[in-house]
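**Q** My questions will all concern the structure given below.
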Amino acid sequence: MPQPRLLISSASQRRNWKPEQVTVEKGIIYQTIEGEVIPLSAIEDGVFSEGVLGKGCGIKPADETVYAPVNGTVTMIADTKHALGISSDDGIEVLIHVGMNTVEMNGTGFFVLVASGKKIKCGQPILKFSTSKIKEAGHPMTTALIVTNSDDFGEITVLQTGIMKKLTAVMKAE
């Protein structure tokens, strides 16, 4: 007789989540989504491309899961679930903004996996999104990865552009 299958709820999966092995280095921000890293100036929104919110880069996602790019604390989750703020344990304030103009989607297609005020580990899944819903709404999928307290550092360096795997070192704050 076959054994019954055990179904695990998403809450249980989050409780039992084990981080990927990421050796976190001070001042390093890791690739938050698998995809193509592009210069900040190539983002299709002037607020980001002109550096109004800080220095960083864009990512053209090849996946639908956002991973924590640093160890730290979730400081902000947009009501529309398309953006998160994180304060790293070493003082870097990171904004992850999925898609451009996706605030207009009012949360449709976005699924937050963390809570504001909670500690997170680099590599932890923090947000899922639907590329088909973003395309259906007619919005660019480019995701902004921004250091919002860039002025607190001498330099924010994008370490490389092009196709990158998740959790590869993408930026350095020094």
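**Q** Run through region 88-135 and list the trypsin sites (Lys or Arg not before Pro) located in a DSSP loop whose Cβ has at most 15 other Cβ atoms within 10 Å.
**A** LYS118
**Q** Also, quick follow-up: Could you tell me the extents of the chain's C-alpha atoms along the three principal axes, largest first, rounded to whole Å?
**A** In descending order, the Cα extents are 64, 38, 30 Å.
**Q** Between region 129-174 and region 62-119, what is the C-alpha centre distance in whole Å?
**A** Taking the Cα centre of region 62-119 as reference, the centre of region 129-174 is 12 Å away.
**Q** Continuing with this model, one more query. Express the relative contact order of region 58-160 as a whole percentage, based on alpha carbon pairs under 8 Å and six or more residues apart in sequence.
**A** 36
**Q** Once you have a ≥ b ≥ c as the square roots of the Cα gyration tensor eigenvalues for region 43-144, tell me rounded if a/c is under 1.5, and otherwise prolate or oblate according to whether a/b is larger than b/c.
**A** oblate
**Q** Moving on. I need to check one value: relative contact order of region 69-109, counting alpha carbon pairs closer than 8 Å and at least 6 residues apart, in percent.
**A** Once divided by the residue count of region 69-109, the mean separation gives 35 percent.
**Q** Using helices alone, what [θ] at 222 nm do you get for the chain, with -39,500 (n - 2.57) per DSSP H run of 4 or more residues, divided over all residues and rounded to the nearest 500?
**A** After summing the helix terms and dividing by residue count, I get -2000 deg cm²/dmol.
**Q** Would you please give the FRET efficiency between LYS26 and PHE111, computed as 1/(1 + (r/R0)^6) with r the Cβ-Cβ distance and R0 = 25 Å, to the nearest 0.05?
**A** 0.20
**Q** Between LEU159 and LYS119, what length in nm is gained on full extension when 0.36 nm per residue of separation is reduced by their alpha carbon distance?
**A** Difference between extended and current length: 11.8 nm.
**Q** For a 22 Å ceiling on Cα separation, which of these pairs sit above it: LYS128/LYS165; LYS81/LYS172; LYS81/LYS119; LYS60/LYS172; LYS81/LYS133; LYS26/LYS119?
**A** Over 22 Å Cα-Cα: LYS81/LYS172.
**Q** For the chain, what is the relative contact order in percent, using Cα pairs closer than 8 Å and at least 6 residues apart in sequence?
**A** Worked out over the chain, it gives 31 percent.
Values quoted throughout were computed directly from the atomic coordinates according to the rules given, and no laboratory measurement underlies them. The structure presented is a predicted model; accordingly, all values stated were derived computationally and were not measured. Glycine gets a Cβ as well: all are built from the backbone with ideal geometry, and neighbour counts include every protein chain shown.
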